[in-house]
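Have a look at the structure below before the remarks.
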Amino acid sequence: MKVAFLGWGSLIWNPFGLRITGSWKTDGPLLPVEFARVSKDGRLTLVLHPEALDVPTLWAYAVCGNLQQAIDNLAEREETSRNDIGFVSIPDNSNRCNVIPRILPRIKSWTEQKGLDAVVWTDLRSNFKARTELEFNEDNVVRYLRELKGEALRDAEEYVRKAPEQIETNIRKRLRIEFGWENAP
């Protein structure tokens, strides 16, 4: 069974425990991704977001040839539950995407085009409003980041700079203007 992971954030530059083979490929499906989740350490991280621009994601082959093992591996890497891992499985026509279910046909079509049996991704929601008590929009993201200090600000900047170049979101464009956070070389 050919299984792949989709990625758009730290999985790419810090796979830490994610069992992939080969390198990340840049021709993943176009998906709505944005810097819309506040992590435990205060960084803004990339997640699927209904109002986001579609950007080309990345993908890599999983070492395991088993969908459940891939789900477990990604859940462990992301320190989340299996329910926060999305997937499409072609052989049994099963899937899960809690954040934006309408993207499932697009992912399924891409999976079939690539000759894959299954694909797995992180399916975490934005928690920006819950963590900051601010509506999620560009101005409030800038406001939130301006209030970060020290290591939290450094971590936030590093995440934005290291995000794959092709993940060109509206928030990223705004952060370049406000903070000068260009992509890492």
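The values are calculated or read from the model by the stated rules, or taken from the named source; none is laboratory data. Because the structure is a prediction, the values reported are computed rather than measured. Methodologically, a virtual Cβ is constructed for each residue, glycine included, from the backbone with ideal geometry; neighbour enumeration extends over all protein chains shown.
For D72, state whether it is out of contact with any Cys (no Cβ under 7 Å at 6 or more places or on another chain) and either surrounded by fewer than 13 Cβ atoms within 10 Å (Cβ to Cβ) or at positive phi (or both). Criteria not met by D72.
Of everything in region 2-18 that is over 14 Å from the mean Cα position of the chain (by Cα) and of a type outside the set (A, V, I, L, M, F, W, C), the residue that is surrounded by the fewest Cβ atoms within 10 Å (Cβ to Cβ) is G17.
If you go through region 77-112 and keep only what is assigned to a strand (DSSP E or B) and either exposed (fewer than 15 other Cβ atoms within 10 Å of the Cβ) or not hydrophobic (A, V, I, L, M, F, W, C) (or both), you end up with G86, S89, S94, N95, R96.
Filtering region 15-70 to residues that are of a type outside the set (A, V, I, L, M, F, W, C) and within 23 Å of D92 (Cβ to Cβ) leaves R19, G28, P29, Y61, G65, N66, Q68, Q69. Pull out all pairs, ordered by first then second residue, where Cβ-Cβ is under 7 Å, the residues are six or more apart or on different chains, the first lies in region 64-78 and is closer than 17 Å to F16 by Cβ, and the second is at pLDDT below 95. Within 7 Å, the pairs are A70/C64; N73/C64; R77/F16. Of all residues in region 113-124, those that are closer than 17 Å to D72 by Cα and part of a helix (DSSP H, G or I) total 0.
Test of understanding: among L46, L53, L30, which residue is within 13 Å of W121 (Cα to Cα) and either touching a residue at least 12 places away in the same chain (Cβ under 8 Å) or of a type in the set (D, E, K, R) (or both)? Quick ask: steps written out before the conclusion?
Numbers: L53 fails: within 13 Å of W121 (Cα to Cα); L30 fails: within 13 Å of W121 (Cα to Cα).
Selected residue: L46, the only one of L46, L53, L30 that is within 13 Å of W121 (Cα to Cα) and either touching a residue at least 12 places away in the same chain (Cβ under 8 Å) or of a type in the set (D, E, K, R) (or both).
Is it the case that L11 is modelled with pLDDT of 95 or more, of a type outside the set (D, E) and touching a Pro at 6+ places or on another chain (Cβ under 7 Å)? Walk me through how you get there before you give the answer.
Values: modelled with pLDDT of 95 or more: yes; of a type outside the set (D, E): yes; touching a Pro at 6+ places or on another chain (Cβ under 7 Å): no.
The answer is no for L11.
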